[in-house]
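Presented below is the structure to which this report refers.
The values are calculated or read from the model by the stated rules, or taken from the named source; none is laboratory data. Predicted, not measured: the structure shown is a model, and the values here were computed from it. Heads up, the Cβs are rebuilt from the backbone with ideal geometry, glycines too, and the neighbour counts pull from every protein chain shown. Heavy atoms of the whole protein, side chains included, go into the accessibility calculation; ligands, DNA and RNA do not. Shrake-Rupley method; radii C 1.70, N 1.55, O 1.52, S 1.80 Å.
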Amino acid sequence: MGMYDMIEYTCSNCAKETYAQTKLASCFLTVYKIGDFFSEENINMNLIMKDECDKCQSKNCIMIKDGKIIQTVPLEKATHQEESFGNVTKLNDEKDSR
Ligand SMILES: [Zn+2]
């Protein structure tokens, strides 16, 4: 497998400091935290990360606004989901029901 970046966050279920791998950013083994700029592109999404919390196995969703990691948000607010190879699936939201 290639290199990957990490996102450090606090699990919204059990409050453990944990992390998830991501391939959405530059893939230079960077560790991103809440408040960091994730990308120079204007990414706006609520992303379900592919790794579960290592303590409680909950899925977590992070809000990315203008390329900056804002906070974890409830899963029901997710707009995208990261898959194994860094591709992202768009979840159903109001924009799809044209
Ligand atoms: Zn947890």
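Local charge sum around Tyr4 (other residues, Cβ-Cβ under 14 Å, Lys/Arg +1, Asp/Glu -1)? Once positives and negatives cancel, what remains is -3. Computed extension length for Tyr19-Met6: 4.0 nm, one decimal, from 0.36 nm per residue of separation with the Cα-Cα distance subtracted. Dimensions of the chain based on its C-alpha atoms, expressed as ranges along the principal axes with the largest first, amount to 38, 30, 26 Å. Each residue of the stretch 54-63 was assigned a 3J(HN,Hα) from its phi angle through the Karplus curve 6.51 cos²θ - 1.76 cosθ + 1.60 (θ = phi - 60°); the sequence is 6, 9, 10, 6, 6, 7, 10, 10, 10, 8 Hz, with glycine and proline shown as x.
Beyond 20 Å in Cα-Cα separation lie the following of the pairs Lys23/Lys65; Lys23/Lys50; Lys55/Lys77: Lys55/Lys77.
The Rg/Rh ratio for the stretch 12-56 is 0.95, where Rg is the radius of gyration of the alpha carbons and Rh is the Kirkwood radius.
Using a probe of 1.4 Å, the accessible surface attributed to Asp36 totals some 60 Å² when neighbouring protein chains are kept in position. Computed from label points 7 Å out along Cα-Cβ, the spacing between Ser39 and Gln71 is 2.3 nm.
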